[in-house]
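The structure appears right after this line, and notes come after that.
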Amino acid sequence: MRINCAGESGIVYRILIVDDEKIERTGLRLLLGKMDQKFEITEAVNGKEALEWLSCNRADILVTDIRMPFMDGLALTERIRQKYPSMKVLIFSGFDDFEYAQQAIKLNVTEYILKPVNVEELSEILTRVRKNLDEEISQRRDAALLRESYQKSLPILRAVFLNDLMRGTADAGMI
């Protein structure tokens, strides 16, 4: 869901925080609240609950713990990549384990962040993610405008081509 509000891009992005530890979710929510950027935040206690929520709602950014019951962060990310490939995924982990990081890279996560994280680090990461999302929206809007312009110009282009064809001045390469 995108809401117009004051801010650099005028867009509020929705973040889904997934962590089985309430204190971690609360801490992350507090960190996000201290930032200049505005986000709409929703929480889930595990990957299974997150997928259920996503089946009826939309998130732009997924922030997930790596180890959780029912479905861990990597399994959740794998499912997210299948269903929502453009969603930005940030994995928080208390484990400096190369295998986890390797799996995360294979799943094309946006960031793999070791806990604990501070406000400055999180702010830098989310600023980069927000800029990336803003650019993607701008590119989609530009592509849509280009398609619309092409669709509007098509009848004129056809008429000019047919006119040139009837006069015998049409370029043979265009036929």
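The values are calculated or read from the model by the stated rules, or taken from the named source; none is laboratory data. Everything numeric here is computed off the predicted structure, so don't read it as measured data. Methodologically, a virtual Cβ is constructed for each residue, glycine included, from the backbone with ideal geometry; neighbour enumeration extends over all protein chains shown. Please note that ligands, DNA and RNA were not included when accessible areas were found on the heavy atoms of the full protein model with its side chains. Shrake-Rupley method; radii C 1.70, N 1.55, O 1.52, S 1.80 Å.
Details
- Test result for residue 114, buried (at least 19 other Cβ atoms within 10 Å of the Cβ), without any contact (Cβ under 8 Å) to a residue 60 or more places away in the chain and in contact with a strand residue (DSSP E or B) (Cβ under 9 Å, 6 or more places away or on another chain): no
- Hey, residue 162 more than 22 Å from residue 32 (Cα to Cα), open to solvent by 80 Å² or more (accessible area, probe 1.4 Å) and without any contact (Cβ under 8 Å) to a residue 12 or more places away in the chain or not: yes
- Residue in the stretch 82-103 that is over 25 Å from the mean Cα position of the chain (by Cα), over 16 Å from residue 28 (Cβ atoms), of a type in the set (A, V, I, L, M, F, W, C) and open to solvent by less than 90 Å² (accessible area, probe 1.4 Å) present: no
- Number of positions in the stretch 87-133 that are in contact with a helix residue (DSSP H, G or I) (Cβ under 7 Å, 6 or more places away or on another chain), of a type outside the set (A, V, I, L, M, F, W, C) and in a loop (DSSP other than H, G, I, E, B): 2
- Restricting the first member to the stretch 29-44 and to residues that are closer than 14 Å to residue 90 by Cβ and touching a residue at least 12 places away in the same chain (Cβ under 8 Å), and the second to residues that are among the β-branched types (Val, Ile, Thr) and surrounded by fewer than 14 Cβ atoms within 10 Å (Cβ to Cβ), the beta-carbon pairs closer than 6 Å and six or more apart or on different chains are 31/119.
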